[in-house]
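Every number in this text was worked out from the coordinates using simple rules, so none of it is lab data. What you see is a predicted model, and the numbers here were worked out from it, not measured in a lab. Neighbour counts run over all protein chains shown; Cβ positions are idealised from the backbone, glycine included.
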Amino acid sequence: MTIPSLINQTNRKQDAAKIKKFYSVMSQAVLLAENEYGSAEDWPVNSAIRDDEGNITDTQPDAVLEFFNKYFAPNIKTVSISKDTGGTANVIFADGSVVYLTQGNCIDMDFDTNGPKKPNQLGRDRFDFLFCNKNYNETFIGKNKYFGAYLQDSSIAQGRDYLKKRCKDSGDVCSTLLLYDDWEFKKDYPW
């Protein structure tokens, strides 16, 4: 093996560990917050503001930060929780990873394994996760699930070949592919 190949393999293992840890920490935070606030299915998640054509015009970073600070922050160790200069809510972790929070129908959690460092692309160093209440959880995560990888249950039901193709084509279900593969970047991982 060449040095660049070994470095890439080591980086992928570190990234996989960060993604797995994020998934675990967030899943645990939901359970802990449910002890205090009741079922996550009933937590108030505002939808993004949209124009007449349905395009998102405001991802409501202040509302997302308020939600994150109430339900998740008490149970997660972070370095900082703030809005960046572009107005995106973000949470920085001690390992240098960042989760960018935006509001769609659910709270979109774009987990970046290396923060602002490049390449900043879905499937390479950024991975989609969601928190949805009862209004959208079945559509975007799965029945009786409120935090998870994007299109988790419906994509997994399609099988691994579907997950690989969709990950390569758009990157949106790469987190689901990794979940399917037990948080490991397999040799045939598309990126």
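Data table
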{"item": "Over the chain: helical MRE at 222 nm, DSSP H runs n ≥ 4 each giving -39500 (n - 2.57), nearest 500", "result": "-12500 deg cm²/dmol"}
{"item": "Length added when fully stretched, Ala17-Ala157, from 0.36 nm per residue minus Cα-Cα", "result": "48.0 nm"}
{"item": "Where N is the number of residues in the stretch 83-156, Cα Rg divided by 2.2 N^0.38 Å", "result": "1.14"}
{"item": "Over the stretch 3-180, relative contact order from alpha-carbon pairs under 8 Å, at least 6 apart, %", "result": "16"}
{"item": "Under 27 Å from the Cα of Lys70 - lysines, other chains or at least 8 residues apart", "result": "Lys18, Lys20, Lys21, Lys83, Lys134, Lys143, Lys145"}
{"item": "Euclidean distance between Cα centres, the stretch 114-191 to the stretch 79-107, Å", "result": "18"}
{"item": "FRET efficiency, 1/(1 + (r/R0)^6) with R0 25 Å, evaluated for Asp62 and Asp42 via beta carbons", "result": "0.70"}
{"item": "Unit Cα scatterers, Debye sum, the stretch 3-180: log10 I(q)/I(0) for q = 0.14, 0.18 Å⁻¹", "result": "-0.76, -1.27"}
{"item": "With Cα atoms, 0 to 90° folded angle of helix 160-170 axis to the chain main axis", "result": "80"}
